[in-house]
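See structure below.
The values are calculated or read from the model by the stated rules, or taken from the named source; none is laboratory data. Predicted model, so just to flag it, every value in this text is computed and none were measured. Cβ placement follows ideal geometry from the backbone for every residue including glycine, while neighbour counts extend to all protein chains displayed. These accessible areas exclude ligands, DNA and RNA; they are computed on the full protein's heavy atoms, side chains included. Shrake-Rupley method; radii C 1.70, N 1.55, O 1.52, S 1.80 Å.
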Amino acid sequence: MKYDPEDTPSVGVLSGPNFPKNIQVEFELFAYNDLSRQCGWGMGREDYIMKLIKSLGMISLSLAAGLVLVNCGGNGATETIGRAPSLEENGIEVIKSNYARCATQDLSATELARVEADLFATGQTRAGGVTTINVYWHVIRSGTATSQGNVSDATIASQISVLNAAYASSNFAFTLVSTDRTTNATWYTSSGGTSETQMKNALRQGTADDLNIYSNNMGGGLLGWATFPSSYTGNPKNDGVVVLFSSLPGGTAAPYNLGDTGTHEVGHWMGLYHTFQGGCSKNATNGGDLVSDTPAERSAAFGCPAGRNSCASIAGNDPITNFMDYTDDSCMNTFSAGQAARMLAAWNTYRLGK
């Protein structure tokens, strides 16, 4: 078994003799908090993985559905924690990734339906030309060294350049209006909750069509999160994007250090969902990420798995180069035309002039 308790694995591959021969289970732990609450485990991710490894009897594998289910141990409830897309014979093995790509909270089914109705009513018209979005950057640091989150103006400028390159084909551009720097040990490691609320209440600027980006050292293996456009009205101060400072161009969070954590999270802020949302329930016109030209994807892709096709019954390989997947920064390079249209509709509906 390979396992390093000094790391905080967010993604792993688990296989072993208690599973059917030659079956390798690829699972994701982004739903860890919900699973922990349901099971009452109340423990960190390292302990969770060790418990999972030591309790293989609690796990059942449904090959027909391609799902891994975990029974919390006597309460009869099962939770889906991953998928089984690949085959390989191993002993029990955990293959680690130190970062959870995104912590943006999914909208509820009711919220999704409301957003779709709103976007349909608004349409996808543009006054003309490129839409330029003002950016307010908030550096949250624990000291004055780069290693303490004090990213340079040059690094921030590089991140803005990455955003402009990524969104150029969608006719959106970003211009940096201001940068402020705050030394606050609590906000520096914020991964949500009260500290996030305090940080944003104190620092957020502008209105619905102004992008506020906060860089900090959020911890927990997270790379970032964002709010959706439809959430602005209910909580304007919470609106914005939070990114791990070391994910900016030239940072230390390899392979997520070319700036595309920012691209991904801004995509959520613009109204996009993960390409793997809904898994293989997607068809040509609906389901999944609600964009017709992004192929269905059973689960998030990592690394850069060329030719991956996790929904074999639906045409098209997985969109591993799409900015809204979980692949390495060097693998990401695409927004689809449908995603561009969706961002415009969301912009017109929830942000423009609001």
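Points to keep in mind about this one:
- Residue in the stretch 194-210 that is under 18 Å from residue 332 (Cα atoms) and aliphatic (A, V, I, L, M) present: no
- None of 327, 321 is of a type in the set (Ser, Thr, Tyr) and closer than 20 Å to residue 243 by Cα except 327.
- Taken together, the residues in the stretch 143-160 that are open to solvent by 40 Å² or more (accessible area, probe 1.4 Å) and within 24 Å of the chain's Cα centre (by Cα) amount to 4.
- Exactly one residue out of 316, 353, 307, 303 is closer than 25 Å to residue 223 by Cα and not acidic (Asp, Glu): that is 303.
- On the stretch given as the stretch 302-335, residues that are more than 26 Å from residue 345 (Cβ to Cβ), of a type in the set (A, V, I, L, M, F, W, C) and without any contact (Cβ under 8 Å) to a residue 40 or more places away in the chain total 4.
- Residue satisfying all of: in the stretch 217-244; open to solvent by less than 20 Å² (accessible area, probe 1.4 Å) and part of a helix (DSSP H, G or I); farthest from residue 151 (Cα to Cα) among these: 230
- Checking each residue in the stretch 169-185 for being over 19 Å from residue 151 (Cβ atoms) and open to solvent by 30 Å² or more (accessible area, probe 1.4 Å) picks out 169, 171.
- Residue tally, condition closer than 23 Å to residue 108 by Cα and either of a type in the set (A, V, I, L, M) or within 17 Å of the chain's Cα centre (by Cα) (or both), over the stretch 189-230: 11
- Selection count, the stretch 200-221, where residues are touching a helix residue (DSSP H, G or I) at 6+ places or on another chain (Cβ under 6 Å) and without any contact (Cβ under 8 Å) to a residue 60 or more places away in the chain: 2
- Residue check, residue 253 surrounded by 17 or more Cβ atoms within 10 Å (Cβ to Cβ), over 30 Å from residue 129 (Cα atoms), of a type in the set (Gly, Ala, Ser) and in contact with a Phe, Trp or Tyr (Cβ under 9 Å, 6 or more places away or on another chain): yes
- From 288, 271, 338, 353, residue being open to solvent by less than 50 Å² (accessible area, probe 1.4 Å), part of a loop (DSSP other than H, G, I, E, B) and out of contact with any Phe, Trp or Tyr (no Cβ under 7 Å at 6 or more places or on another chain): 288
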